[in-house]
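The values are calculated or read from the model by the stated rules, or taken from the named source; none is laboratory data. In this text the structure is predicted, and so the values were computed from the model without any measurement. Glycine gets a Cβ as well: all are built from the backbone with ideal geometry, and neighbour counts include every protein chain shown.
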Amino acid sequence: MIKRLFFLILAALLLLVILRVIFLLPIYQNNALISPLSQNFFRQEKPLDKYNFENLRGKECQGSEIKLEKVIKEEDVYTSYLFSYQTEGKKVTGMANMPNTKNGQRPVVIMLRGYVDDEIYFTGLGTRKAAGVFAENGFITLAPDFLSFGGSDTSSADILESRFERPLTVLNLLASVKSIPEANPNKIFMWGHSNGGQIALSILEITQKDIPTVLWAPVTEGFPESVLQYIGELDDKGMKVKTAIDNFLLKYEPEKYSIDNYYPDIQATIQLHLGLADPLINEEEIDEFAKMMADLGKNVNYYKYPRNDHNLSKDWDLIIARDLQFFRKYF
């Protein structure tokens, strides 16, 4: 009888210890004290959580110094430089165009290129022509290479993380503009082409700021559809990417990483250009995007150009003139 009572008391004490550990003691997660009553007590943060739009909204990017490392080319009215800054402890390079005349602080255009194979990429590819026109007209332009391109540090080895790093790279660039004495941090614009347009839309949704933005043939599909529709052109028919997405969908909520889930949060005026002979961007998708934005009460100037390709080459002069007029309205 005494032996049985001893084991009952021992079991009761052990149960009390277990309950105390579970319900009373706090724990540390990522060096932060987590209450046992918090929902996060039982929820372990996953590596890619920090890139979802809600978490990026809560992140305070302090920015870093933008360094003009060397001259790329000298023009009559502006000079092109290789510049660098920091994003999450990594170096990112890019092309900066600085007007030569000293006339107070200048407005800034962040230039976001589309997809380019890293084997043929060089700093300024995809943005330098348009950036040159903006610089000739008094704008500072900043076109990041992105991680693993140009002289930048390498991106994540994870296929999807390297993609999710890009909006954060731009957020850190926006926070770094104030380090340029000649730049007006209150007059910032964006220009994005193709996948760069998707990144620009992500920034508008994450920041919810009125950053006047120009989009050339942008990708407007949500994630992961925006990735899956192009993987057929890859050497392995996209199997590596599809496997990564399948694994992602088992652990994460894709809508938290998808631009089409946050369109109502855009507060900026957008100027939109599309070539009707574009083999990569579907006219119906852009029409649907423009209509949805209009239905949401957003301000979108939408232009279509017959017989124009993905780079809008046949009407390039007209389009860049419209972009200048658009930016000057907010100068």
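The table that follows gives values for the structure above.
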item: Output for the stretch 140-153, where each listed residue is crowded, with 24+ Cβ neighbours inside 10 Å and touching a helix residue (DSSP H, G or I) at 6+ places or on another chain (Cβ under 7 Å); result: 141, 142, 143, 144, 146
item: Verdict on residue 175 being out of contact with any strand residue (DSSP E or B) (no Cβ under 8 Å at 6 or more places or on another chain), within 25 Å of residue 210 (Cα to Cα) and either surrounded by fewer than 20 Cβ atoms within 10 Å (Cβ to Cβ) or of a type outside the set (Lys, Arg) (or both); result: yes
item: Residue in the stretch 302-317 that is surrounded by fewer than 16 Cβ atoms within 10 Å (Cβ to Cβ), of a type outside the set (D, E, K, R), free of Cβ contacts under 8 Å to residues at least 40 places away in the same chain and within 16 Å of residue 214 (Cβ to Cβ) present; result: yes
item: Count of residues meeting criterion [within 15 Å of residue 268 (Cα to Cα) and either touching a Leu at 6+ places or on another chain (Cβ under 9 Å) or among the aliphatic types (A, V, I, L, M) (or both)] in the stretch 290-331; result: 8
item: So residue 286, is it part of a helix (DSSP H, G or I), within 19 Å of the chain's Cα centre (by Cα) and either surrounded by 15 or more Cβ atoms within 10 Å (Cβ to Cβ) or not assigned by TED's automatic domain parsing to the domain that holds residue 201 (or both); result: no
item: Answer residue from the stretch 95-115, given it is under 16 Å from the mean Cα position of the chain (by Cα) and of a type outside the set (Lys, Arg) and is farthest from residue 191 (Cα to Cα) among those; result: 115
item: In the stretch 318-331, residue farthest from the chain's Cα centre (by Cα) [restricted to those that are assigned to a helix (DSSP H, G or I) and loosely packed, with under 14 Cβ neighbours inside 10 Å]; result: 318
item: Hits in the stretch 92-124 - residues which are among the aliphatic types (A, V, I, L, M) and surrounded by 16 or more Cβ atoms within 10 Å (Cβ to Cβ); result: 92, 95, 96, 98, 108, 109, 110, 111, 112, 116
item: Number of positions in the stretch 70-93 that are touching a strand residue (DSSP E or B) at 6+ places or on another chain (Cβ under 9 Å) and free of Cβ contacts under 8 Å to residues at least 60 places away in the same chain; result: 12
item: Residue match in the stretch 55-70 (condition: surrounded by 11 or more Cβ atoms within 10 Å (Cβ to Cβ), part of a helix (DSSP H, G or I), in contact with an Asp or Glu (Cβ under 8 Å, 6 or more places away or on another chain) and modelled with pLDDT of 95 or more); result: yes
item: Segments classed as helices (runs of 4 or more DSSP H), wholly inside the stretch 156-257, with at least 3 members that are under 20 Å from residue 134 (Cβ atoms); result: 159-176, 195-207
item: Pairs with Cβ under 9 Å, 6+ apart, first in the stretch 246-258 and among the charged types (D, E, K, R), second part of a helix (DSSP H, G or I) and modelled with pLDDT under 95; result: none
item: Qualifying residue in the stretch 129-149 (condition: within 19 Å of the chain's Cα centre (by Cα), among the polar types (S, T, N, Q) and part of a strand (DSSP E or B)); result: yes
